[in-house]
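In what follows, a single structure is set out as structure tokens and then discussed.
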Amino acid sequence: MALMIGHQDAEKAFAEAWQGGRLHHAWLLAGPQGMGKGVFAERVARFLVTHGRGGDGQAITLDDPGDEAAGRLVDAGNHPEILRLARQPKDKSKELARNITIEQVRQMIRRLHLSLSLGEWRVIIVDAVDDLETDGANALLKTLEEPPAKTLFLLVSHSPGRLLPTIRSRCRMLRFQPVDRDVMTAWLHELRPMLEMAEVRAIVAASGGVPGKALALIDSDVAAMEKKLLAIATGGDPENRLREALAREVGGTSNRARLELVIDIVPGLLARIARERPVAEIAPVLAQWDRVQRTVRDAIRGSYDGAMVGFEIGNCLAELAPRAGQPAR
């Protein structure tokens, strides 16, 4: 429920199409990862298999429970007319395969040739369609070009610009935009009232208006991260221990949100350091801020290495620490 913040326009657009009997056979749910597009797709799927064909103009929301028996099957994960395509675990490990395979798509297509066993809709959720192998994307395209009756496709995409233009052209697009900062702040404060407002604002800024990222960042302990960065800037970290710990915490794709949090914290930290120094000593602070920005830009342009970026940010902060024999600033 928490991840559904900011989806009112998407829900309204879908509900109105159902009420008017104008449901397009394929919907592309586009927006940043963490916006709750997959949750939205599941809500739509549940609604369709628990309701009729629509078109009677009946005002209704996606929260309407509909047919109770069908709803229980959905809740148990056993409804036969909701099919899902997603990356599967490799062999017996927990690691997911790199792509949704062509064989998964073929199995789905074979199911489409069977008659409905329950209700009036069959729903296909592809989460995410960006993960399809090339052959799988082409096979899906052929199905979208000649869609089976009473079948609706929900394609989740984090990067719709990378999809085949022909797939995009067969879909009605719903865009999931980042949530307004004030709305995010109020929502997160209500969700986690134990957090200090300074932490809430830092998390919201780092999240970029993406609810899922904001929830992930709560576990990053903003205050502890800021304390670590300040310790590097004031103590210099002569043995590199803090910088190495920082690199470990932000390295790897799974810690991308934590790295972005660090990048968002640093400007405020440098601004605070600059305010506390004489005007004649502000130039070195600005120089390190420029260095941080170059590091981030270079990482984006080249191969992404979160650990390297984190360590280099630590180096920039360490340059601001008082040198031996100099008074603390």
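Data for the structure
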| read-out | value |
| --- | --- |
| Unique residue being open to solvent by 50 Å² or more (accessible area, probe 1.4 Å), free of Cβ contacts under 8 Å to residues at least 12 places away in the same chain and of a type in the set (Asp, Glu) when the list is 16, 42 | 16 |
| Qualifying residue in region 65-72 (condition: part of a loop (DSSP other than H, G, I, E, B) and under 28 Å from the mean Cα position of the chain (by Cα)) | yes |
| Members of region 132-166 that are over 25 Å from residue 53 (Cα atoms) and either of a type in the set (A, V, I, L, M, F, W, C) or touching a Cys at 6+ places or on another chain (Cβ under 8 Å) (or both) | 132, 137, 139, 163, 164 |
| Residue within region 201-223 that is open to solvent by 40 Å² or more (accessible area, probe 1.4 Å) and β-branched (Val, Ile, Thr) present | no |
| Single condition residue 228 does not satisfy, out of (1) open to solvent by less than 70 Å² (accessible area, probe 1.4 Å); (2) free of Cβ contacts under 8 Å to residues at least 24 places away in the same chain; (3) not in a helix (DSSP H, G or I) | (3) |
| Output for region 172-197, where each listed residue is open to solvent by less than 70 Å² (accessible area, probe 1.4 Å) and part of a helix (DSSP H, G or I) | 184, 185, 186, 187, 188, 191, 197 |
| Residue in region 73-85 that is nearest to residue 112 (Cα to Cα), counting only those that are open to solvent by less than 30 Å² (accessible area, probe 1.4 Å) and assigned to a loop (DSSP other than H, G, I, E, B) | 81 |
| Flag if residue 119 is in a loop (DSSP other than H, G, I, E, B), modelled with pLDDT under 90 and under 25 Å from the mean Cα position of the chain (by Cα) | no |
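The values are calculated or read from the model by the stated rules, or taken from the named source; none is laboratory data. Values in this document were obtained by computation on a predicted structure and should not be read as measured data. Cβ atoms come from the backbone with ideal geometry, glycine included; neighbour counts cover every protein chain shown. When the accessible area is computed, the model is the full protein with side chains, heavy atoms only, and any ligands, DNA or RNA have been set aside. Shrake-Rupley method; radii C 1.70, N 1.55, O 1.52, S 1.80 Å.
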